[in-house]
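Comments concern the structure below.
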Amino acid sequence: MRRNKGLTTILVLSTLGVVLGFTYFFEDAYLWLSFGFVFLAILIFLVRFERRKVEPRELVLLAVLASIAAVGRIPFASLPSVQPTTFVIMMSGFVFGAESGFIIGAVAALASNMILGQGPWTPWQMAAWGLVGLTAGGLRNTKIMNKKAGRIIFGIVWGFLFGWVMNLWGFLSIVQSGSPFEWKAFIVYLIGSATFDTMHAVSNVIFLLLFGEVWIKILTRFKRKYGLLE
């Protein structure tokens, strides 16, 4: 079991590297890359359950959670970086596992951008939110993540990491246009988004404090009652 999880994690990280590399060099093909990303995410998900048949209701559950995460962005679109999407993806990965969290995060980014707008940033959002679900699931059996304080720290960390991933895309786009890459300029670029990253981190904390325990109980109940994604 541990070996399968290790191989899946390596496959996920390798996929991220390839997809983000293609996004950088073939920016105009972002939509094809986004759908390719979803296909690979589903493939990774199936690797986890290679020894048994995946039930249709399990796929429906993933689709519902991804939809909730995606729709959650829309009411908060006017508030930069404030949304419950990261929270939903984090809770999903924590309860249902790393692979499930990864696919929910990736699909949520693609689905929400169907309304909010697609662009070369979409694969990077898919990667960032996919990693939120992946790491939440990968750490779910640790003492830190099984404490409220630990989950809050996790939410704060990813509030900033998500912004840094998107900053990397933005800065590389500038470099791609002909400007030289300079570390000092990149650090200034990161500092420039500190306010938005802080808002993201704070919103994660608020959602975790208000709804964290309830979500864990509800999702865990569904998981145990119907034997989903075991």
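Brief remarks follow.
- Gyration tensor (alpha-carbon) shape descriptor, region 77-230, a/c threshold 1.5: prolate
- For the listed peptides 78-90, 207-219, 106-118, 134-146, a ranking on the average number of other beta carbons within 10 Å per residue, highest first, reads 78-90, 106-118, 134-146, 207-219.
- Overall form of region 111-156 per C-alpha gyration tensor (a/c, 1.5; a/b vs b/c): prolate
No value in this document is a laboratory result; all are computed from the given coordinates. What you are looking at is a predicted structure, and each value in this text was computed from that prediction instead of being measured. With ideal geometry, Cβ positions are generated from the backbone for all residues, glycine too; neighbour counts draw on all protein chains shown.
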